[in-house]
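**Student:** First the structure, which I've put down as structure tokens, then a few questions once you've had a look.
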Amino acid sequence: MSNFITRNIPNAITCCNLLSGCIATTFAFGGDQTMALAFIILGAVFDFFDGMTARLLHVSSPIGKELDSLADDVTFGVAPATMVFTFLFQVHYPDGLDGAREYLPYVAYLIAVFSALRLAKFNIDERQTSSFIGLPTPANALFWGALIVGGGNRIMHLSFALWLILGLILLSCWILVAEIPLFALKFKQWGWKGNEVKYIFLISCVVLLALMRVSGLAVIIVWYVLLSLFAQSRGR
């Protein structure tokens with residue numbers, strides 16, 4: 001019995017991630033974007049600990065891998081896509097396009113589709129053991145959640161808000177599956193040498209969150225991509 005319980009602890013944590021994503025999606029449909037983001041963040045916490053728990057307990061299973069991808073696509077794909085979907089009903093539409101308000105918001109669900117592609121690609125890509133290729137789905141979800149919660153009121157009334165959001169949707173979908181190397185916060189040793197980019201990123205995260213609060217999360221994700229590209233160009 002104890003072995004059965006031990007083997008299924010990581011899967012139980014993954015299910016908590018999935019439940020968080022379902023709740024986040026419900027809040028997003030209801031227009032409570034703050035609570036939707038809160039449950040996406042909670043899902044990210046569960047997502048971090050399910051893998052850690054599996055490694056600590058030395059347990060893994062094919063069903064755990066499949067369940068993890070399903071949970072991640074709901075929490076980091078469907079939930080943020082629904083946040084964007086509801087937000088697109090509220091933004092300013094140019095003259096002549098107001099009738100498209102009924103249809104254009106569905107473009108947001110490309111985020112869920114490309115998140116699923118990103119997760120499937122990750123599962124079969126052996127190059128991503130110590131770094132990432134393409135933006136991880138939790139990072140993409142945090143970008144969208146923070147953008148809408150932290151900056152939604154300012155964006156909503158911009159004359160080009162519709163084009164901005166649609167453009168960002170297409171850009172984020174591309175970055176999810178693009179062959180862009182991005183560093184992972186995994187440390188083989190804790191010294192400064194060899195970890196300069198990671199330490200710079202962590203320090204800047206603290207500063208950005210202190211200065212910008214929720215909006216800082218969106219800026220952090222953009223900074224993460226740019227810093228990864230810089231590090232790649234320097235050969236680190």
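The values are calculated or read from the model by the stated rules, or taken from the named source; none is laboratory data. Computed from a predicted model, the values in this text were never measured in an experiment. Methodologically, a virtual Cβ is constructed for each residue, glycine included, from the backbone with ideal geometry; neighbour enumeration extends over all protein chains shown. Accessible surface is based on the protein model in full, side chains and every heavy atom, while ligands, DNA and RNA are left aside. Shrake-Rupley method; radii C 1.70, N 1.55, O 1.52, S 1.80 Å.
**Student:** Between the helical axis of 110-124 and the dominant principal axis of the chain, each derived from Cα atoms, what acute angle in degrees is found, rounded to the nearest 10?
**Tutor:** Compared with the principal axis, the helix lies near 20 degrees.
**Student:** Over the range 54-154, what relative contact order in percent results from Cα pairs under 8 Å that are six or more residues apart?
**Tutor:** 37
**Student:** Also, I was wondering about something else. Taking the Cα centre as origin and putting +1 on Lys and Arg beta-carbons and -1 on Asp and Glu beta-carbons, what dipole magnitude results for the range 1-108, to the nearest 20 debye?
**Tutor:** Dipole about the Cα centre, nearest 20: 420 debye.
**Student:** Also, quick follow-up: Can you spot the aspartates and glutamates whose alpha carbon is less than 18 Å from K65's alpha carbon? Ignore those fewer than 8 places along the same chain.
**Tutor:** Candidates past the 8-residue exclusion: D47, D50, D73, D125, E126.
**Student:** Take the chain, connect every pair of alpha-carbon atoms lying under 10 Å apart with a spring to form a Gaussian network, then pick out the residue of I200, I221, I41 with the largest mean-square fluctuation.
**Tutor:** In this elastic network of the chain, the residue with the biggest mean-square fluctuation among I200, I221, I41 is I200.
**Student:** Out of I155, P10, A79, whose Cα points farthest toward the positive end of the dipole of the chain (charges: +1 Lys, Arg; -1 Asp, Glu; placed on Cβ)?
**Tutor:** After comparing all options, I get P10.
**Student:** Let me ask something else about it. By a straight-distance test (C-alpha under 17 Å), which lysines pair with K198 as possible cross-link partners, with residues fewer than eight away in the same chain excluded?
**Tutor:** Straight-distance partners of K198: K186, K188.
**Student:** According to the square roots a ≥ b ≥ c of the eigenvalues of the Cα gyration tensor, what is the shape class of the range 125-236, taking rounded for a/c under 1.5, prolate for a/b larger than b/c otherwise, and oblate for the remainder?
**Tutor:** oblate
**Student:** Per residue of the range 23-33, what does 6.51 cos²θ - 1.76 cosθ + 1.60 with θ = phi - 60° give for ³J(HN,Hα)? Whole Hz please, x for Gly and Pro, Karplus curve as stated.
**Tutor:** Along the range 23-33, the couplings run 5, 4, 5, 4, 5, 5, 4, x, x, 8, 5 Hz.
**Student:** On to the next question. Quantify how much of the Cα-Cα distance distribution of the range 61-215 extends past 21 Å, in percent.
**Tutor:** Above the 21 Å cut-off, the range 61-215 has 54 percent of its Cα pairs.
**Student:** Something else about it: Take the alpha-carbon centre of the range 208-234, take the same for the range 61-76, and report the distance between them in whole Å.
**Tutor:** That distance is 27 Å.
**Student:** Evaluate the charge dipole of the chain about its Cα centre and quote only its size in Debye, nearest 20, assuming +1 on the Cβ of each Lys and Arg and -1 on the Cβ of each Asp and Glu.
**Tutor:** Rounded to the nearest 20 debye, it is 880 debye.
**Student:** List the trypsin sites (Lys or Arg not before Pro) within the range 184-225 that fall in a DSSP loop (any state other than H, G, I, E or B) and whose Cβ has at most 10 other Cβ atoms within 10 Å.
**Tutor:** K186, K188, K193
**Student:** For the range 158-203, what % of the accessible area comes from carbon and sulfur atoms, probe 1.4 Å?
**Tutor:** Carbon and sulfur together cover 75 percent of it.
**Student:** Among A116, V45, V91, whose Cα lies farthest out toward the positive end of the dipole of the chain, if unit charges sit on the beta carbon of Lys, Arg (+1) and Asp, Glu (-1)?
**Tutor:** Positive-most Cα among the choices belongs to V45.
**Student:** Provide the net charge surrounding T75, with neighbours chosen by a C-beta distance below 14 Å and charges set as Lys +1, Arg +1, Asp -1, Glu -1.
**Tutor:** Every neighbour counted, the sum reads -4.
**Student:** Moving on to the next point. For the range 215-228, just list the computed ³J(HN,Hα) in residue order, Karplus coefficients 6.51, -1.76 and 1.60, θ = phi - 60°, integers in Hz, with x standing in for Gly and Pro.
**Tutor:** Residue by residue, the range 215-228 yields 4, x, 4, 5, 5, 4, 5, 4, 4, 4, 5, 5, 5, 5 Hz.
**Student:** In addition: Search the structure for amide H atoms under 5 Å from the amide H of I133, placed 1.01 Å from N in the peptide plane, and list their residues when 5 or more places away or on another chain.
**Tutor:** L182
**Student:** Give the distance, in whole Å, between the Cα centre of the range 169-197 and the Cα centre of the range 109-140.
**Tutor:** If we compute the Cα centre of each part, the gap is 12 Å.
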